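> Structure in structure tokens, see below.
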Protein chains: 2
Amino acid sequence: MDINKEIRTIAEQAREASFKVARLSSEAKERALHLMADALMAQGALLLAENGKDLANAEQQGLSRAMVDRLALTEEGIAGIAEGLRQVALLPDPVGEVTRMWRRPNGLLVGKMRIPLGVIGVIYEARPNVTADAAGLCLKAGNAVILRGGSEAIHSNRAMGRVLQEAMGKAGIPAAAVQVIPLVEREAVEAMLTLDEYIDVIIPRGGEGLIRFVVEHSRIPVIKHYKGVCHVFVDATAEPGMAVAICHNAKVQRPGVCNAMETLLVHQQAAATVLPLIAEKLEGAGVELRGCARTRQILPQVKEATEEDWYAEYLDLILAIKVVADIGEAIAHIGRYGSQHTEAIVTSDYAHAQRFLNEVASSTVLVNASTRFSDGYQLGLGAEIGISTTKLHAFGPMGVEDLTTTKFIIYGDGQIRTS
Amino acid sequence: MDINKEIRTIAEQAREASFKVARLSSEAKERALHLMADALMAQGALLLAENGKDLANAEQQGLSRAMVDRLALTEEGIAGIAEGLRQVALLPDPVGEVTRMWRRPNGLLVGKMRIPLGVIGVIYEARPNVTADAAGLCLKAGNAVILRGGSEAIHSNRAMGRVLQEAMGKAGIPAAAVQVIPLVEREAVEAMLTLDEYIDVIIPRGGEGLIRFVVEHSRIPVIKHYKGVCHVFVDATAEPGMAVAICHNAKVQRPGVCNAMETLLVHQQAAATVLPLIAEKLEGAGVELRGCARTRQILPQVKEATEEDWYAEYLDLILAIKVVADIGEAIAHIGRYGSQHTEAIVTSDYAHAQRFLNEVASSTVLVNASTRFSDGYQLGLGAEIGISTTKLHAFGPMGVEDLTTTKFIIYGDGQIRTS
């Protein structure tokens, strides 16, 4: 079997299918998404059986508990995936929207029309739910999608792909619009990343190692984020109760995700009063604190933070804390050590709120709210295909609209150019 | 001299400067652009003298007439460049615009704010006017820019860079916001393309060879178009006079540019009447015609077109002509052989006009107007930094707004996430 040839065939077929999917009516896409949800529910036993094979392999290979958790499908999980597809079905169809239109002095009517990107490649790890989620979002936006999950979930992903394709067939949508790459070899990913004549964009989802591999090898534009080193800055005028609640939520609610707080910055005037309150709450939740020298004057029990801690994405119940002289130092620290992902300020000061929003160049900047809101669904995009810290095309959580682009459409009545 | 080190220093300084430029007020940027225009006018003699050195080298090296034409500066040309900067000064400032804002059920107010991209690298050939044009547009959008022109224009570009920097200094803008790479070695370009931690996007402008080199070597996202194989489709119901005028304009007005027509598609029902009229007009203007078999039945004097002609970007007074059975065949031909740049239909049929606009997946699609309008200034963007046929970020002519991205800004009053 020639891997390059097989992947090329998959990509060519996706390209062909993309032309058809781009022209589907909103109704046809909605109907397909509901049929796909129905099929997942109807084939739950099959999906669980195939998932069982992956879980058995995972046990045998001694994968970590966290990895196995991410891999496992349950009846409830499948119902959630199906419900997700139904919610995507209900979102407005972005394709064909004319976002702006204006008339030129020579009478030309110029507009921008939203169109699908074409073929989207998604490369991900572990979680088999991404297979259905990404398929649904790409289809809604009129794209074909090529899905390449991790080898550890290969049985689950292949089964889910087959179930989705069968449902799409009933809706008259070509199977090649949603393809799961059936190969476990890493060469399959490398082959995929060279096919820039067929694939328009690559969205990698997973750990930093996977994403760096994709960026290094891709000839296709990649939308990605490496990591989320998210900051909360507690300003001098922060309301202490609000500061404690936001810090606790940002660090503890789900420490393993990219929008969790990793570094806390505290204004020197607030440190003595607020830091002990925050420390009590976080230590009570099992968080290990690491602080700068000034933090440790207030919280002597805290371990010393090193330079590395300011760059760290712990994805765990660990928090770095730094006392800063003012908002300027906080913004500078974020610019130097941050990952342009998500940052929040807690403040009662109008000018500081506006300055933080204006000057912090991260993809999501919040005033008096938890970093955990940096999420497509939470921000009202209806769903999320990923988060971008690449500034090109999209910056921050990406919804269905970000899976489209716009072309210029121009209505004339015989205009020619004279200069 | 270590080229890599020198380029890295330039990029680091650009990064530093970009933070300052991003925060400049609209007034400061306007003032700087006017001072830059004044300085170009005041230093005309210097610029012409330095340009003379490049022209002398070009003669010595036997560069083509066309190349020397593109390289040559004149007093009139410099006045045009200065006027261009003044026009950019007058454009609305895109930075800080909040493009949308909505409230979430939990009270969060979520918006998208336009911010600069950061550091833009422009890699181009020959024309020294690009140095000032690109500098002006990048600065207007709050970016720092690194300019790398061709070695054949090195004296002109360096001189222009110095003049612009001096003017920026008077406006309090760091010189590092606009830097011309003073090195002629190709290694300087390669070094630049690896610095993804300092440079946010690369915009190459020039021939297909240059652009392919940049894409091949860049670790930084590239916005580009390889070529423009633009089509005009003359439908069965086209008004003959309009078809002739649009075809003549699209092919002849400026044949060497990317939005000129390269292939003409004619509906079989219109061919017998319209093709002779178009041929007469174009042959009268010195255009060489190459046709399919059916074209040659009507125009026996025409050379036979080969498969290669359908892919060709002639950039010259040559035109490929194909008679097609219907609009479906025209759209399919464009999809197969086109470059997703610009296509026009000439028709009197309402449904065909709408179908062509909807189904042709090129960056600019026109009804009853010349392909030559695919240009940022002509479409009302105020100016143009380039044209993208990459669908990511921008698709089609790019103005100042396309040199920005948007971040999410969120106003809360203590919200934390509960699910």
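> Only residues that are surrounded by 14 or more Cβ atoms within 10 Å (Cβ to Cβ) and part of a helix (DSSP H, G or I): list them for the range B:278-296, please.
B:Ile278, B:Ala279, B:Lys281, B:Leu282, B:Glu283, B:Arg294, B:Thr295, B:Arg296
> Something else about it: Among the residues of the range B:150-166, is any more than 24 Å from B:Asn57 (Cα to Cα) and in contact with a Leu (Cβ under 6 Å, 6 or more places away or on another chain)?
no
> For the range A:286-311, enumerate the residues that are farther than 23 Å from A:Asp235 by Cβ and of a type in the set (Gly, Ala, Ser).
A:Gly286
> Here is a follow-up. Only one residue in A:Leu147, A:Leu90 is buried (at least 21 other Cβ atoms within 10 Å of the Cβ) and not small (Gly, Ala, Ser), so which one is that?
The match here is A:Leu147.
> When you scan the range A:50-60, how many residues do you find that are surrounded by fewer than 17 Cβ atoms within 10 Å (Cβ to Cβ) and either in contact (Cβ under 8 Å) with a residue 12 or more places away in the chain or outside the structural domain of A:Glu83 (by TED's automatic domain parsing) (or both)?
Adding up the residues that qualify gives 2.
> A further question on this structure: Would you confirm whether or not the range B:248-270 contains a residue that is more than 27 Å from B:Ala293 (Cα to Cα), surrounded by 24 or more Cβ atoms within 10 Å (Cβ to Cβ) and not small (Gly, Ala, Ser)?
Taking every residue of the range B:248-270 in turn, none turns out to be more than 27 Å from B:Ala293 (Cα to Cα), surrounded by 24 or more Cβ atoms within 10 Å (Cβ to Cβ) and not small (Gly, Ala, Ser).
> Identify the residue in the range B:150-206 that is among the aliphatic types (A, V, I, L, M) and under 19 Å from B:Gly52 (Cβ atoms) and, among all such residues, is surrounded by the most Cβ atoms within 10 Å (Cβ to Cβ).
Across the range B:150-206, the extreme among qualifying residues is B:Met160.
> Across the range B:176-213, which residue is nearest to A:Glu197 (Cα to Cα) among those that are of a type in the set (A, V, I, L, M) and in a helix (DSSP H, G or I)?
B:Ile211
> For the structure I just gave you, tell me whether B:Asn259 is assigned to a loop (DSSP other than H, G, I, E, B) and in contact with a Ser or Thr (Cβ under 9 Å, 6 or more places away or on another chain).
So B:Asn259 passes the test.
> Return the total of residues in the range A:179-212 being without any contact (Cβ under 8 Å) to a residue 12 or more places away in the chain and under 20 Å from the mean Cα position of the chain (by Cα).
1
> Here's something else I'd like to know. Could you tell me which residue of the range B:358-400 is farthest from the chain's Cα centre (by Cα), considering only residues that are of a type in the set (D, E, K, R) and closer than 21 Å to A:Leu108 by Cα?
That would be B:Glu359.
> Might you check whether a residue that is within 13 Å of chain A (Cβ to nearest Cβ), more than 16 Å from B:Thr390 (Cβ to Cβ), over 25 Å from the mean Cα position of the chain (by Cα) and assigned to a helix (DSSP H, G or I) occurs anywhere in the range B:262-277?
no
> While we're looking at this one, here's another question. Checking the condition within 14 Å of chain A (Cβ to nearest Cβ) and either at positive phi or part of a helix (DSSP H, G or I) (or both), which residue from B:Ala11, B:Ala17, B:Ala58 passes?
On inspection, the qualifying residue turns out to be B:Ala17.
> Being more than 22 Å from A:Thr390 (Cα to Cα) and either in a loop (DSSP other than H, G, I, E, B) or among the aromatic types (Phe, Trp, Tyr) (or both) is the filter here; which residues of the range B:214-231 pass it?
Residues satisfying the conditions are B:Tyr226, B:Lys227, B:Gly228, B:Val229.
> Hey, another quick one. Only one of B:Ala89, B:Ala45, B:Ala126 is of a type in the set (Gly, Ala, Ser), touching a helix residue (DSSP H, G or I) at 6+ places or on another chain (Cβ under 7 Å) and modelled with pLDDT of 95 or more. Can you tell me which?
B:Ala89
> Give the residues of the range B:207-225 that are surrounded by fewer than 18 Cβ atoms within 10 Å (Cβ to Cβ) and within 19 Å of B:Arg127 (Cβ to Cβ), sorted by residue number.
Of everything in the range B:207-225, those that are surrounded by fewer than 18 Cβ atoms within 10 Å (Cβ to Cβ) and within 19 Å of B:Arg127 (Cβ to Cβ) turn out to be B:Gly207, B:Glu208, B:Gly209, B:Leu210.
> Additional query: Given the conditions (1) within 10 Å of another protein chain (Cβ to nearest Cβ); (2) within 20 Å of B:Leu264 (Cβ to Cβ); (3) not in a loop (DSSP other than H, G, I, E, B), which single one is not true for B:Tyr411?
(2)
> Given the structure, is B:Glu152 assigned by TED's automatic domain parsing to the domain that holds B:Asp54, closer than 30 Å to B:Thr263 by Cβ and more than 16 Å from the chain's Cα centre (by Cα)?
Answer is no for this residue.
> Looking at the range A:11-26, is at least one residue under 26 Å from the mean Cα position of the chain (by Cα), surrounded by 15 or more Cβ atoms within 10 Å (Cβ to Cβ), within 26 Å of A:Glu125 (Cβ to Cβ) and among the basic types (Lys, Arg)?
Yes, because at least one residue in the range A:11-26 is under 26 Å from the mean Cα position of the chain (by Cα), surrounded by 15 or more Cβ atoms within 10 Å (Cβ to Cβ), within 26 Å of A:Glu125 (Cβ to Cβ) and among the basic types (Lys, Arg).
> Taking the conditions exactly as written (closer than 15 Å to B:Ala167 by Cα and either away from chain A (no Cβ under 14 Å) or assigned to a helix (DSSP H, G or I) (or both)), does B:Ala32 satisfy them or not?
Yes: the conditions hold for B:Ala32.
> Ok, one more. Filter the range A:214-225 down to residues that are within 11 Å of another protein chain (Cβ to nearest Cβ) and within 24 Å of A:Ala260 (Cβ to Cβ) and give me whichever is farthest from the chain's Cα centre (by Cα).
A:Val215
> Determine if the range A:253-271 includes at least one residue that is among the basic types (Lys, Arg) and free of Cβ contacts under 8 Å to residues at least 12 places away in the same chain.
No, the range A:253-271 has no match at all.
> Now for a different question. Looking at the range B:232-255, which of its residues are facing chain A (nearest Cβ under 8 Å), within 20 Å of the chain's Cα centre (by Cα) and not in a helix (DSSP H, G or I)?
Selection gives B:Gln253 alone.
> Continuing with the same structure: Need the failing condition index for A:Ala66 against (1) in contact with a strand residue (DSSP E or B) (Cβ under 9 Å, 6 or more places away or on another chain); (2) farther than 28 Å from A:Ser25 by Cα; (3) surrounded by fewer than 18 Cβ atoms within 10 Å (Cβ to Cβ); (4) in contact (Cβ under 8 Å) with a residue 40 or more places away in the chain, just the number.
The one condition A:Ala66 does not meet is (1).
The values are calculated or read from the model by the stated rules, or taken from the named source; none is laboratory data. All figures in this text were calculated on a predicted structure; none of them were measured in a lab. Cβ atoms come from the backbone with ideal geometry, glycine included; neighbour counts cover every protein chain shown.
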